[in-house]
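Trainee: Before I ask anything, here is the structure I am working with.
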Amino acid sequence: MDRDEEQLLRGRVYGHDHDDPDPGPRRGQTYAELVGGPLDGLLLDITSWRAEEFDEGAALPTELGRFPGGRALYEPVPGGSRTPGPGVSCRFHHSGDTP
């Protein structure tokens, strides 16, 4: 793991409470870094996702988007790289918000 990846792994994982004693990534899990939008910089745990789920991206509930209580939409970059195994394997980019 290179130095940049180590910095990313110090980030918070989406869905972990901010008062959680350890809101960061867990050893052995696989993550997508969320890029842009209201959840920029968070990590999304994709450890158990199937290929078709990965290709669809994610609609993540958040109070921070354009529609409080709505969802922030994130998608993998078409043709983007994805590294197998634990750690940060890819990036999902913000594509919009929905109520």
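The values are calculated or read from the model by the stated rules, or taken from the named source; none is laboratory data. The structure displayed is predicted, hence computed values, not measured ones. Glycine gets a Cβ as well: all are built from the backbone with ideal geometry, and neighbour counts include every protein chain shown. Keep in mind that these areas ignore ligands, DNA and RNA; they rest on the heavy atoms of the full protein, side chains included. Shrake-Rupley method; radii C 1.70, N 1.55, O 1.52, S 1.80 Å.
Trainee: Would you work out the charge dipole size for the chain about its Cα centre, treating the Cβ of every Lys and Arg as +1 and the Cβ of every Asp and Glu as -1, and quote it to the nearest 20 debye?
Mentor: 100 debye
Trainee: Ok, one more. Rg over Rh of the chain, using C-alpha atoms and the Kirkwood radius, what does it come to?
Mentor: Ratio of gyration radius to Kirkwood radius: 0.95.
Trainee: Right, here's the next one. Going by amide H atoms built from the backbone, whose H comes under 5 Å of the H on Val88, apart from near neighbours?
Mentor: Counting only residues 5 or more places away or on other chains, the set is Tyr31.
Trainee: Next up: Calculate one ³J(HN,Hα) per residue across the stretch 60-74 by plugging θ = phi - 60° into the Karplus curve 6.51 cos²θ - 1.76 cosθ + 1.60, and present them in order as whole Hz with x for glycine and proline.
Mentor: Running phi through 6.51 cos²θ - 1.76 cosθ + 1.60 with θ = phi - 60° gives 9, x, 7, 8, 8, x, 4, 10, x, x, x, 10, 9, 9, 10 Hz.
Trainee: Along the stretch 83-93, what does the Karplus equation 6.51 cos²θ - 1.76 cosθ + 1.60 (θ = phi - 60°) give for ³J(HN,Hα), rounded to whole Hz, x for Gly and Pro?
Mentor: Calculated HN-Hα couplings, in order: 8, x, x, x, x, 7, 9, 6, 10, 10, 9 Hz.
Trainee: Could you report the chain's accessible area per residue, 1.4 Å probe, as an integer in Å²?
Mentor: 63 Å²
Trainee: Would you please give the residues with an amide H less than 5 Å from that of Arg12, counting only those at least 5 places away or on a separate chain, with H modeled from the backbone geometry?
Mentor: Here the answer is Leu43, since their amide H atoms fall under 5 Å of that of Arg12.
Trainee: Name the long-range amide H neighbours of Asp97: under 5 Å, sequence gap of 5 or more, or other chain; modelled H, no Pro or chain starts.
Mentor: HN-HN under 5 Å from Asp97: Leu73.
Trainee: Separate question: Just want to confirm a number: the relative contact order over the chain, from Cα pairs under 8 angstrom separated by 6+ residues, in percent.
Mentor: That works out to 28 percent.
Trainee: Then there's this: Rounded to the nearest 500 deg cm²/dmol, what is the calculated helix-only ellipticity per residue at 222 nm for the chain, with -39500 (n - 2.57) per DSSP H run of length n ≥ 4?
Mentor: Per the formula, -2500 deg cm²/dmol.
Trainee: Short version: ³J(HN,Hα) in whole Hz for each residue of the stretch 27-35, in order, from phi by Karplus 6.51 cos²θ - 1.76 cosθ + 1.60 (θ = phi - 60°), x for Gly and Pro, what are they?
Mentor: In residue order, the calculated couplings are 4, x, 8, 10, 10, 10, 7, 8, 10 Hz.
Trainee: Let me ask something else. What is the sum of charges around His94, taking Lys and Arg as +1, Asp and Glu as -1, for the other residues whose C-beta is under 12 Å from the C-beta of His94?
Mentor: Residues close to His94 contribute a combined charge of -1.
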